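Notes follow once the structure below has been shown.
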Amino acid sequence: MNGTADANRTVVAGFWAALYDRDWDRIGSFFGPDSQYTDVCSPADDVARGPGQIVARLRLGLEPISGYTHELRLVVADGDTVVTEHAETWHWHTGESVTLPFVSVQELAGGVIVRWWDYWDLQTLLQGAPAWWVEHIMAGYG
């Protein structure tokens, strides 16, 4: 692995640590003003841009859950791209839980994540999530 790939892998590892700590300020520091994040299962134009929107989008879904765990399966780094295969198990205070398998593709430039596309199955989430949470998500982060 070359130096760029190693450095980018380290940045992404730091990002995952911040995300699972729900450290919103630290999460924002991994993105620049032109950075983009989306869930590929959402509409094509549903892309959060810049640290503020990215953190708001993450908070919308993650703040209402009572807890979640992360199972890292595989990380591949090649140049400016880091691909992570992982699973998150989400728990709600109302007793529901769901395990979501993800593949996350993150492209980096200058030490920040400039593009983050998450690939996962929406139906897996909708079948396991409580109705009140789905309604909350549908209201959006504005």
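The values are calculated or read from the model by the stated rules, or taken from the named source; none is laboratory data. A quick note: this is a predicted structure, and the numbers were derived from the prediction, not measured. For neighbour counting, all protein chains shown are included, and Cβ atoms are generated from backbone atoms with ideal geometry for every residue, glycine included.
Conditions (1) in a strand (DSSP E or B); (2) within 26 Å of residue 127 (Cα to Cα), marked per residue:
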{"residue": "20", "(1), (2)": "no, yes"}
{"residue": "35", "(1), (2)": "yes, no"}
{"residue": "76", "(1), (2)": "yes, no"}
{"residue": "82", "(1), (2)": "yes, no"}
{"residue": "89", "(1), (2)": "yes, yes"}
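Here's the yes/no breakdown for (1) of a type in the set (S, T, N, Q); (2) closer than 16 Å to residue 19 by Cα; (3) surrounded by 15 or more Cβ atoms within 10 Å (Cβ to Cβ):
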{"site": "67", "(1), (2), (3)": "no, yes, no"}
{"site": "70", "(1), (2), (3)": "no, yes, no"}
{"site": "78", "(1), (2), (3)": "no, no, no"}
{"site": "91", "(1), (2), (3)": "no, yes, no"}
{"site": "95", "(1), (2), (3)": "no, no, no"}
{"site": "107", "(1), (2), (3)": "no, no, yes"}
{"site": "118", "(1), (2), (3)": "no, yes, yes"}
{"site": "131", "(1), (2), (3)": "no, no, no"}
{"site": "140", "(1), (2), (3)": "no, no, no"}
key: Boolean, residue 48 is among the small types (Gly, Ala, Ser), modelled with pLDDT of 95 or more and surrounded by fewer than 16 Cβ atoms within 10 Å (Cβ to Cβ)   = no
ask   = Is at least one residue of segment 37-48 of a type outside the set (A, V, I, L, M, F, W, C), over 25 Å from residue 93 (Cβ atoms) and in contact with a Pro (Cβ under 9 Å, 6 or more places away or on another chain)?
value = no
